[in-house]
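*Asks:* Following this message is one structure expressed as structure tokens.
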Amino acid sequence: MLVLKRMTALAVTIFAMLAGGGAALAELGQPSPWQLGMQQAATPVMDNIIWFHDYLLYFIAAITLFVLALLVIVIVRFNARANPVPSRTTHNTMIEVLWTFLPIVILMFIAVPSFKLLFFQLNIPPADITVKATGKQWYWSYSYPDNGKFEFDSLMLKAGELKQDQPRLLAVDNEMVVPVNKNVHVLTTGADVIHSFAVPSFGIKIDAIPGRINETWFKATREGVYYGQCSELCGKDHAYMPIAVRVVSEQAFAAWVDDAKKKYARDEVVPPTNVAAAQTTAQ
């Protein structure tokens, strides 16, 4: 019975993978119970990642079936009963050429779309909006350099604070808000240790390193709330610093920015450059 259950689970997994990576079983923007494969794509980059994943499955399936066929041939034709006098063949030039040439051809078919995808991910288009995400122990802080001097912290909600539609361990008190169908330029850094900013539905994952600015981008094509997490082992509360991105209309985003400027305003303090300036400031 246990073997049958395992075989059934394996068959379901393989079917889901061949049907498109299991994306159809996932909810928008977050993982779902019994999910197989990746989350639904919400950006052009993630669309390409899922396509590349499914593209590779054809090569994986073909190679697996080919190796299985070779094993079956060897078992049937070259066992002691069917072949009592073993062959003394030491090499075959044609086979040696083929097993060198064919893997090169396969790798070329994999490399070309792989390089195109990498270029698409790393070639950041002109930004419509810039968001700076700073990883801290253990939460995220967001600022919008293009939209005023405000910054806010985003902390995970506890179990008693969750609303009915908010997922456990992923919902936050202050979400990162961006407009739909706009190129969002994300700057990441760390305030203490190395963190990693990752949102699966957007197809982004970039390290947030203290003393360094890394960058990535996304263009969300559908409104909604999309969840991610820190993907770097950053300390004891690593599992409790989620990322929540709310994608809204341009009008709703403009209204949110106006409210955020009042709610999260932070005055910029410029330190004096020398003692005289400090004394002048004190007077």
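*Asks:* Compute the separation of the alpha-carbon centres of the range 41-84 and the range 167-186 and state it in Å as a whole number.
*Replies:* When both Cα centres are located, 39 Å separates them.
*Asks:* Given labels modelled 7 Å from the Cα in the Cβ direction, how far is it in nm from Leu155 to Ala80?
*Replies:* Result: 7.2 nm between the two label points.
*Asks:* Could you list the square roots of 5 times each eigenvalue of the Cα gyration tensor of the range 213-266, that is, the equivalent ellipsoid semi-axes, sorted largest first and rounded to whole Å?
*Replies:* Working: eigenvalues 130, 55, 27 Å².
Its equivalent ellipsoid spans semi-axes of 25, 17, 12 Å.
*Asks:* How much area per residue is accessible in the range 68-141 when the probe is 1.4 Å and only protein heavy atoms are counted (Å²)?
*Replies:* For the range 68-141, the solvent-accessible area averages 79 Å² per residue.
The values are calculated or read from the model by the stated rules, or taken from the named source; none is laboratory data. The structure presented is a predicted model; accordingly, all values stated were derived computationally and were not measured. For neighbour counting, all protein chains shown are included, and Cβ atoms are generated from backbone atoms with ideal geometry for every residue, glycine included. For the accessible areas, the whole protein counts, side chains as well, though only heavy atoms, and no ligand, DNA or RNA atoms are used. Shrake-Rupley method; radii C 1.70, N 1.55, O 1.52, S 1.80 Å.
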